[in-house]
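Novice: Have a look at this one before I ask anything.
The values are calculated or read from the model by the stated rules, or taken from the named source; none is laboratory data. These numbers were taken from a predicted model, which means no experiment stands behind them. Cβ sites come from the backbone with ideal geometry, for glycine too, and all protein chains shown count toward neighbours. Each accessible area value is taken on the protein alone, full model and side chains, heavy atoms only, with ligands, DNA and RNA left out. Shrake-Rupley method; radii C 1.70, N 1.55, O 1.52, S 1.80 Å.
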Amino acid sequence: MSGKIITVTSGKGGVGKTTVTANLAVALASMGHSVAAIDTDIGLRNLDIVMGLESRIVYDLVDVAEGRCHLSQALIKDRQLPSLCLLPASQTSNKTAISPHELGLIAAELRASNDFVFIDSPAGIEQGFQNAISTADQIIIVTTPEVTAVRSADRVIGLIETSGKKPGQLIINRIRPAMVRQGDMLNTYDVIEFLAIDLLGVIPDDEAIIIAANKGKPMSGDPTSLAGHAFRNIAQRLTGETVPFLPILEERAGLWSRVRAAARRGLNSLSHPRKMGSRS
Amino acid sequence: MAESQVMIKGTRKGPSITLGEGEWKSLLAEVQDRLSQAPAFFRNSNVHVNVGNRNLSTDELRWLVNILGQHSVRLASLRTDSEVSSSAAETLQIRLALPESISDVPGVRVPTPDVSEGLLVRRTLRSGQLVQHPGHIVVVGDINPGAEVIAGGDVIVWGRVRGTVQAGALGDSGSIVCALDLAPAQLRIGKLIAISPEERVGRGADTSRKPEVAFVQDGQIVAEPWHPR
Ligand SMILES: Nc1ncnc2c1ncn2[C@@H]1O[C@H](COP(=O)(O)OP(=O)(O)OP(=O)(O)O)[C@@H](O)[C@H]1O
Ligand SMILES: [Mg+2]
């Protein structure tokens, strides 16, 4: 088996990287895929808390990198979802405790036995960010629909381009449909047009997410919530399925394909091409 | 392999490049390689080049200026013992360094070199990205907030301008900036600076925007809509 390494990153901190990582990992594992999640937010770990696995940590990422234990000893298996495991971050080291090479080796080893390997990255554009993207097969950029977060996302997308990676895909988190309708919040279309990259999905702002995170039970399994639905849709898109966008969140979806095609050409024009007269 | 004829050193005033013996074309190729190997070291720097007693034609010297320009490097001064090279430098208005003075070249004001070539950038420029070229720059894509474009000549943008744009960066106030949607955070032409009055930066599309051309008129930067005839 050879899976995919997916790094979840952002420009601004606190926009939902850890939330997205935990929920997508759970959603994919619930669909029957084997999934490993690596928390690279060394010194500020919290993927374990959101996934409800904190109390079972014995060894961590830095222990594995420095050879104090085997990878298998540090992995924590989820009790409900046996095909899901977590490699927690160290809480006592700092962000430079691991090199891109070391992380690359660990991620590659996990890829050999999992369908998906998620890497949750630390905030910022320093070493920790570079580590997290260097080994990725695919990059997910998370932003909220705020001008500051979108600007930072733009910066990060530029850095990803510069590093020679394929452009990432975007998740817009914490959309509030009511505010968008009143014109008080950037809408999905504004954000996509500005950033000119592919949209992977949009997640509503939902207090159930906060409650779930506090309880350590990612809510992508919840069939009644819109946010859970959004996460499951994104998980399916990651497996290569085409899933229509949710209408309440992702209005004007029809326009995107054209926006993206235009962006790829380096243009952002949305108008229909005019036929040039052909010489006869 | 023969010893390299391209010597690069860091000095207090910026990098210096000494070009030794051999065919000019292959020396330039090596300069190009070396610049690509350490882009961060050279970007935005003013280099001082020493060509010894080599006789350079205007065209040969112009090639060097262009290659440096492609790597966002300015030729701050040329040091030469040759009459021929000196007059080529004068034609291109390149400052001649006095012998032994590389380390104390005073403040650099390089007159516009005669660069007729342009640079085509075919992507969206994002926050933190900088494109610099001694000639004209054409961008097919947007210039997002936080991105910067600096041209010795004109800047033409087939897209939106939201970042910082500088035309005529070497002092030519006859340069122009035009774009499909011109709302830069800051616009400079020659020595003049204009700041966008509208707070539109980072917002969504505004379909009412029209193509505009900005230029200097009576000591001020003005923008004029483009009217198809
Ligand atoms: N869609 C959402 N609706 C409501 N709350 C959310 C949503 N997404 C994230 N949050 C909350 O926002 C806070 C920050 O989220 P999270 O920790 O996932 O961000 P992060 O990007 O990982 O942060 P850091 O940069 O610090 O690692 C958390 O309290 C989380 O519960
Ligand atoms: Mg986090």
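Novice: Please verify whether A:V117 is more than 16 Å from ligand 2 (Cβ to nearest atom), more than 14 Å from chain B (Cβ to nearest Cβ) and among the β-branched types (V, I, T), treating the condition exactly as stated. Don't jump to the end; show me each part of the working.
Specialist: Details: more than 16 Å from ligand 2 (Cβ to nearest atom): yes; more than 14 Å from chain B (Cβ to nearest Cβ): yes; among the β-branched types (V, I, T): yes.
Yes; evaluated as a whole, the condition is true for this residue.
Novice: Here's something else I'd like to know. On the given criteria, is A:T188 free of Cβ contacts under 8 Å to residues at least 12 places away in the same chain and within 14 Å of another protein chain (Cβ to nearest Cβ)? First the steps, then the outcome.
Specialist: On the way: free of Cβ contacts under 8 Å to residues at least 12 places away in the same chain: no; within 14 Å of another protein chain (Cβ to nearest Cβ): yes.
In short, no.
Novice: Which of the residues that make up the stretch A:115-135 are open to solvent by 10 Å² or more (accessible area, probe 1.4 Å) and in a loop (DSSP other than H, G, I, E, B)?
Specialist: A:D115, A:A123, A:G124, A:I125, A:E126, A:T135
Novice: If you go through the stretch A:34-63 one residue at a time, how many are within 16 Å of ligand 1 (Cβ to nearest atom) and among the basic types (K, R)?
Specialist: To start, the set of residues in the stretch A:34-63 that are within 16 Å of ligand 1 (Cβ to nearest atom) comprises A:37-54, A:61.
After this cut, where a residue has to be among the basic types (K, R) as well, the list is A:45.
Count: 1.
Novice: Now a separate question. What are the residues in the stretch B:63-91 that are within 15 Å of B:L19 (Cβ to Cβ), open to solvent by 40 Å² or more (accessible area, probe 1.4 Å) and not hydrophobic (A, V, I, L, M, F, W, C), if any?
Specialist: Of everything in the stretch B:63-91, those that are within 15 Å of B:L19 (Cβ to Cβ), open to solvent by 40 Å² or more (accessible area, probe 1.4 Å) and not hydrophobic (A, V, I, L, M, F, W, C) turn out to be B:R79, B:D81.
This table checks each residue for (1) of a type in the set (S, T, N, Q); (2) more than 16 Å from ligand 2 (Cβ to nearest atom).
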{"position": "A:L75", "(1), (2)": "no, yes"}
{"position": "A:L84", "(1), (2)": "no, yes"}
{"position": "A:A123", "(1), (2)": "no, no"}
{"position": "A:Q130", "(1), (2)": "yes, yes"}
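Novice: Scanning the stretch A:182-226 for residues that are of a type in the set (S, T, Y) and open to solvent by less than 30 Å² (accessible area, probe 1.4 Å), which turns out farthest from ligand 1 (Cβ to nearest atom)?
Specialist: The initial filter retains those residues of the stretch A:182-226 that are of a type in the set (S, T, Y), namely A:188-189, A:220, A:224-225.
Within this subset, residues satisfying the condition of being open to solvent by less than 30 Å² (accessible area, probe 1.4 Å) are A:188-189, A:220, A:225.
On the way: A:T188: 14, A:Y189: 19, A:S220: 11, A:S225: 10 Å.
The residue in question is A:Y189.
Novice: Taking the stated definitions as given, is A:A153 modelled with pLDDT of 95 or more, small (G, A, S) and within 16 Å of ligand 2 (Cβ to nearest atom)? Outline the logic, then answer.
Specialist: Values: modelled with pLDDT of 95 or more: yes; small (G, A, S): yes; within 16 Å of ligand 2 (Cβ to nearest atom): yes.
So A:A153 passes the test.
Novice: Scan the stretch A:1-33 for residues that are more than 16 Å from ligand 1 (Cβ to nearest atom) and open to solvent by 10 Å² or more (accessible area, probe 1.4 Å) and jot them down.
Specialist: The initial filter retains those residues of the stretch A:1-33 that are more than 16 Å from ligand 1 (Cβ to nearest atom), namely A:1-5, A:28-33.
Passing the criteria: A:M1, A:S2, A:G3, A:K4, A:S30, A:M31, A:G32, A:H33.
Novice: How many residues does the stretch B:120-136 contain that are within 14 Å of chain A (Cβ to nearest Cβ) and either surrounded by fewer than 20 Cβ atoms within 10 Å (Cβ to Cβ) or without any contact (Cβ under 8 Å) to a residue 24 or more places away in the chain (or both)?
Specialist: Here is the first cut: in the stretch B:120-136, the ones within 14 Å of chain A (Cβ to nearest Cβ) are B:120-131.
So of that shortlist, the ones also either surrounded by fewer than 20 Cβ atoms within 10 Å (Cβ to Cβ) or without any contact (Cβ under 8 Å) to a residue 24 or more places away in the chain (or both) come out as B:120-123, B:126, B:128-131.
Of the residues in the stretch B:120-136, 9 are within 14 Å of chain A (Cβ to nearest Cβ) and either surrounded by fewer than 20 Cβ atoms within 10 Å (Cβ to Cβ) or without any contact (Cβ under 8 Å) to a residue 24 or more places away in the chain (or both).
Novice: Further question on the same structure: Can you name every residue in the stretch B:48-70 that is among the hydrophobic types (A, V, I, L, M, F, W, C) and either outside any helix (DSSP H, G or I) or under 16 Å from B:L96 (Cβ atoms) (or both)?
Specialist: Within the stretch B:48-70, B:V49, B:V51, B:L56, B:L61, B:L64, B:V65 meet the criteria.
Novice: Follow-up question, since we're still on this one. Can you pull out the helices (runs of 4 or more DSSP H) entirely within the stretch A:1-87 that have at least 2 residues that are touching a Pro at 6+ places or on another chain (Cβ under 8 Å)? Before the answer, list the steps.
Specialist: Values: elements: A:17-30, A:47-50, A:61-65, A:71-74.
The qualifying helices (runs of 4 or more DSSP H) are A:17-30, A:47-50.
Novice: Residue check: is A:I140 in contact (Cβ under 8 Å) with a residue 60 or more places away in the chain, within 13 Å of chain B (Cβ to nearest Cβ) and under 25 Å from B:I143 (Cα atoms)?
Specialist: Numbers: in contact (Cβ under 8 Å) with a residue 60 or more places away in the chain: yes; within 13 Å of chain B (Cβ to nearest Cβ): no; under 25 Å from B:I143 (Cα atoms): yes.
No: the conditions fail for A:I140.
Novice: A further question on this structure: Can you pull out every residue in the stretch A:79-98 that is open to solvent by 20 Å² or more (accessible area, probe 1.4 Å), under 20 Å from A:K4 (Cα atoms) and in contact with a helix residue (DSSP H, G or I) (Cβ under 8 Å, 6 or more places away or on another chain)? Explain how you work it out, then say what you get.
Specialist: Our first condition is that a residue be open to solvent by 20 Å² or more (accessible area, probe 1.4 Å); within the stretch A:79-98, this holds for A:79-83, A:91-97.
Within this subset, residues satisfying the condition of being under 20 Å from A:K4 (Cα atoms) are A:81-83.
Listed by number, the residues that qualify are A:L81, A:S83.
Novice: In addition: When you scan the stretch B:146-155, do you find a residue that is open to solvent by less than 10 Å² (accessible area, probe 1.4 Å), part of a strand (DSSP E or B), over 21 Å from B:Q70 (Cβ atoms) and not assigned by TED's automatic domain parsing to the domain that holds B:H71, even just one?
Specialist: At the first step, the residues of the stretch B:146-155 found to be open to solvent by less than 10 Å² (accessible area, probe 1.4 Å) are B:147, B:149, B:151-153, B:155.
With the extra rule that they be part of a strand (DSSP E or B), the set shrinks to B:149, B:151, B:155.
Right, trim to over 21 Å from B:Q70 (Cβ atoms) and you get none.
No, because not a single residue in the stretch B:146-155 is open to solvent by less than 10 Å² (accessible area, probe 1.4 Å), part of a strand (DSSP E or B), over 21 Å from B:Q70 (Cβ atoms) and not assigned by TED's automatic domain parsing to the domain that holds B:H71.
The rows are residues; the columns are (1) within 13 Å of ligand 2 (Cβ to nearest atom); (2) modelled with pLDDT under 95.
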| site | (1), (2) |
| --- | --- |
| A:S10 | yes, no |
| A:K17 | yes, no |
| A:A22 | yes, no |
| A:H33 | no, no |
| A:D39 | yes, no |
| A:G52 | no, yes |
| A:L61 | no, no |
| A:V64 | no, no |
| A:L71 | no, no |
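Novice: Then there's this: From B:V31, B:V51, which residue is over 30 Å from B:Q129 (Cβ atoms), open to solvent by less than 20 Å² (accessible area, probe 1.4 Å), aliphatic (A, V, I, L, M) and at pLDDT 85 or above? Before the answer, list the steps.
Specialist: Values: B:V31 fails: over 30 Å from B:Q129 (Cβ atoms).
Every option except B:V51 fails the conditions.
Novice: I've got another one for you. Just one of the numbered conditions (1) within 14 Å of chain B (Cβ to nearest Cβ); (2) more than 14 Å from ligand 1 (Cβ to nearest atom) is not true of A:I133; which one?
Specialist: Here A:I133 clears every test but (1).
Novice: Out of all the residues in the stretch B:150-171, which are within 14 Å of chain A (Cβ to nearest Cβ) and among the small types (G, A, S)?
Specialist: Across the stretch B:150-171, the qualifying residues are B:G159, B:G163.
Novice: Where residues in the stretch A:136-179 are aliphatic (A, V, I, L, M) and open to solvent by 30 Å² or more (accessible area, probe 1.4 Å), which of them is farthest from B:P145 (Cα to Cα)? It would help to see each step written out before you state the result.
Specialist: The initial filter retains those residues of the stretch A:136-179 that are aliphatic (A, V, I, L, M), namely A:136, A:139-142, A:147, A:149-150, A:153, A:156-157, A:159-160, A:170-172, A:175, A:178-179.
With the extra rule that they be open to solvent by 30 Å² or more (accessible area, probe 1.4 Å), the set shrinks to A:147, A:159, A:178-179.
On the way: A:V147: 11, A:L159: 15, A:A178: 27, A:M179: 24 Å.
Among those that are aliphatic (A, V, I, L, M) and open to solvent by 30 Å² or more (accessible area, probe 1.4 Å), it is A:A178.
Novice: Another question, if that's okay. From (1) at pLDDT 90 or above; (2) more than 14 Å from chain A (Cβ to nearest Cβ), pick out the condition that doesn't hold for B:A147.
Specialist: (2)
Novice: Which number in (1) away from ligand 1 (no atom under 16 Å from the Cβ); (2) within 14 Å of another protein chain (Cβ to nearest Cβ) marks the one condition that A:A97 misses?
Specialist: It fails just one condition, (2).
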